[in-house]
Amino acid sequence: MVEDLKTIEANLTESEKANRGYYRLRRMLADMGIIVTKRALQSYNFESLVDGWKISANGDVEFNNGTFRGSITASTIDIGGSDDQSFHVDADGNLWAGAATYALAPFYVSNTGTMIINDGTNDRILIGFQSGGF
Amino acid sequence: MADYGIKIAKEGYDVNTAADKDLVYSSKFNGMKIAEHNTSGAGTVLHSLGYAPMFLNYRKSGTQYRLDWQTTSFVNAPYTTNAGIVFPNADNYYFIFIDKAE
């Protein structure tokens, strides 16, 4: 790595030499496969939803697989897009699967403790809480 | 806990709003639970429920299975006790329920 940096230093243009620290850091990151863009840090191969990773200054990140040894805290959860093979949890604690929205889901559980299974036309099975329902 | 349970609507009905008659199941209503069912000759089938349970008995008569109704004379009719079901006659097809007789 040290030799590489010497090579990089030797190849700096006059303009780059004026900002030696900045370009030195950029080239070092590039050597590691990391690209610095405007208000973001990303892997050299980053392509949204396809490959690589990106950390944006606004706090958004995109990675591929991940392992968290501790807990995860989030406002909402959306897995599998927004189609009939997706799973969601909203900020109120309602969860549903099989549709983009709670109202259209064939399976959902409310934060009041009601689980509903819909047959495609009607809510057919109810397990749990329904005020006055039992 | 009256607001908690399980219910299933008939096809074409919304379980959230369906009347009780339009449900195929509701935990609102007690369902008889079968402790055991089997065949028996004349005699006593013991159970370990510790109380006199409900029971239902068919008796085979040729190719027919007939409900063994209690008669007004109480003669030769099966009955339930804390220990078992007593069958005075043979060819019984019985169900013993978890639910108490009274």
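Each label point was placed 7 Å from the Cα along the Cα-to-Cβ direction; for A:Arg69 and B:Met32 their separation is 6.1 nm. Rolling a 1.4 Å probe over the protein chains gives A:Ser48 an accessible area of about 70 Å². Taking the range A:91-124 and a reference point 7 angstrom along Cα→Cβ of A:Thr76, the backbone N atoms nearer than 15 Å belong to A:91-105. For chain B, the relative contact order comes to 33 percent (Cα pairs under 8 Å, sequence separation of at least 6).
Can you tell me the FRET efficiency between B:Ser61 and B:Lys10 if r is taken as the Cβ-Cβ distance and R0 is 30 Å, rounded to the nearest 0.05? Don't skip to the end; give the middle numbers.
Numbers: r = 37 Å, r/R0 = 1.22.
Efficiency for this residue pair is about 0.25.
The B and A chains share an interface that buries close to 1500 Å² of accessible area, total over both sides, probe 1.4 Å. Taking 1.306 mPa s as the viscosity and 10 °C as the temperature, the Stokes-Einstein diffusion coefficient of the range B:34-100 based on its alpha-carbon Kirkwood radius rounds to 133 µm²/s.
Given 10 °C and 1.306 mPa s, compute D for the range A:1-102 with the Stokes-Einstein relation, Rh being the Kirkwood radius over Cα pairs; round to the nearest whole µm²/s. It comes out at roughly 93 µm²/s.
Measuring heavy-atom accessible area with a 1.4 angstrom probe and counting protein chains only, the residues of the range A:105-124 that give up at least 20 Å² relative to the chain alone are A:Asn122, A:Asp123, A:Arg124.
Roughly what % of Cα-Cα distances in the range A:61-134 sit above 14 Å, to the whole percent? Before the final figure, lay out the partial values.
On the way: 1790 of 2701 pairs.
Taking all Cα-Cα pairs of the range A:61-134, the fraction more than 14 Å apart is 66 percent.
With every protein chain kept in place and ligands, DNA and RNA left out, what is the accessible area per residue of the protein assembly as shown? Probe 1.4 Å, answer in Å². Write down the numbers at each step before the final one.
Working: 16040 Å² over 236 residues.
In whole numbers, the protein assembly as shown has 68 Å² accessible per residue.
The helix-only estimate of mean residue ellipticity at 222 nm for chain A, built from DSSP H runs of length n ≥ 4 each weighted as -39500 (n - 2.57), is -5500 deg cm²/dmol after division by the residue total.
Here A:Lys38 is the anchor, and the lysines within straight C-alpha reach of less than 16 Å, apart from those fewer than 8 places off in the same chain, are A:Lys54. Across the protein assembly as shown, Cα-Cα distances exceeding 29 Å account for 64% of all pairs. Largest GNM mean-square fluctuation among B:Tyr13, B:Tyr79, B:Tyr51, using chain B with Cα springs under 10 Å: B:Tyr13. One quarter of the convex hull surface, Cα atoms only: what value does that give for the range B:1-82 in nm²? Mean projected area for the range B:1-82: 9.5 nm², to one decimal.
The values are calculated or read from the model by the stated rules, or taken from the named source; none is laboratory data. Keep in mind the model is a prediction, meaning the values are calculated, not measured. Here the Cβ is made from the backbone with ideal geometry for all residues, glycine too, and neighbour counts use every protein chain on show. Heavy atoms of the whole protein, side chains included, go into the accessibility calculation; ligands, DNA and RNA do not. Shrake-Rupley method; radii C 1.70, N 1.55, O 1.52, S 1.80 Å.
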